[in-house]
Amino acid sequence: MRRPIIAGNWKLNLTITESKQLAQQLVNHLADVADRDIVIAPVFTALTSVAEIIEKSPIQLAGQNCYPQTTGAFTGEVSPKLLRDSGCHYVILGHSERRQLLGETDSFINQKLLKTLEADLKPILCIGETLQEREDQQMQEILSRQIKGGLTNLTEEQMGDVIIAYEPIWAIGTGKTATTEQAQQAHAFIRNLVLELFSPGVAAETRILYGGSVKPDNVDGLMGEEDIDGALVGGASLKAEDFSRIVRFKK
Ligand code: PGA
């Protein structure tokens, strides 16, 4: 059985004080949750403050990005080891905003992913097509390139720590969610790619999250689909009540 994960991507939002307030509200709302993983990804500057607040709660911390080196002359970057040092257990990699705004490539994301695993952090590898690509019937080709590129040189054992997030770019921050059928279809396709690249066992165990305008009113439908194992939530993760309701999805 795949344990569900609900992850909140706070993106470039909230001061340290605001992050602590939101984290405290989440701790109050979610202290009793034990059957699913809950992850939040604040900005780097708030990580250690938030880590203290969630310490004794079921909520775990994620970085929103990292650099594929441990130390050295890499001005402005943060390594997986330092994220771990700040209390993180996860890191979001290859988010479409980084691919689009900062030109991140599959091979660069792959280097980060390998380094992340060395540092005992679980990567959440984001993939997804644009609206144009979907309309041009290129979705499968894009997803396949992102999966193969992102997961190059990984062992079956390492795959046990990898989480994939399917986020169709046209659904991110737009209020347009993929239908449950569209999401399930993409997830099944991704799971099959993992099977081809690794093994049926790895494919059956890999958790695949859906992201893109996940809200309290659509999460239950999405989570009812066979191959959807959780959600990566942007906008709605900034509101304690909405995020808590998403965490408490009902199938
Ligand atoms: P959204 O963002 O929920 O605001 O659409 C999702 C994401 O970018 O991870």
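Figures for the structure shown
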{"item": "Solvent-accessible area, 1.4 Å probe, carbon plus sulfur percent, for the chain", "result": "48"}
{"item": "Ranked by how many other beta carbons lie within 10 Å on average, peptides 202-208, 51-57 from highest", "result": "202-208, 51-57"}
{"item": "Ellipsoid semi-axes in whole angstrom, largest first, where each is sqrt(5λ) of the Cα gyration tensor of segment 5-247", "result": "25, 22, 17"}
{"item": "The chain: relative contact order as a whole-number percent, Cα under 8 Å and 6+ apart", "result": "20"}
{"item": "Å² of accessible area per residue within segment 5-247, as computed with a 1.4 Å probe and no ligands counted", "result": "44"}
{"item": "Test item: Cα-centred dipole of the chain, Lys/Arg +1 and Asp/Glu -1 on Cβ, debye", "result": "460"}
{"item": "Inter-probe distance in nm under a simple model that places probes 7 Å from Cα toward Cβ, at Thr70 and Gln182", "result": "4.4"}
{"item": "Distance from segment 75-97 to segment 116-189 (C-alpha centre basis), Å", "result": "19"}
{"item": "Label-point separation in nm, Thr152 to Arg2, each point 7 Å along Cα→Cβ", "result": "2.5"}
{"item": "Segment 1-111, relative contact order in percent, only Cα pairs under 8 angstrom and at least six apart counted", "result": "23"}
{"item": "MRE, 222 nm, helices only [DSSP H, n ≥ 4, -39500 (n - 2.57), over the chain, to nearest 500]", "result": "-12000 deg cm²/dmol"}
{"item": "Protein-only accessible surface order, largest first, of Asp227, Asp35 at 1.4 Å", "result": "Asp35, Asp227"}
{"item": "Low-density loop cleavage sites - chymotrypsin sites (Phe, Trp or Tyr not before Pro) in segment 11-101, where at most 16 other Cβ are within 10 Å (DSSP)", "result": "Phe74"}
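The values are calculated or read from the model by the stated rules, or taken from the named source; none is laboratory data. Every value quoted in this text rests on a predicted model; they were computed, and no experiment measured them. Counting neighbours? That spans all protein chains shown, and the Cβs are built from the backbone with ideal geometry, glycine included. Please note that ligands, DNA and RNA were not included when accessible areas were found on the heavy atoms of the full protein model with its side chains. Shrake-Rupley method; radii C 1.70, N 1.55, O 1.52, S 1.80 Å.
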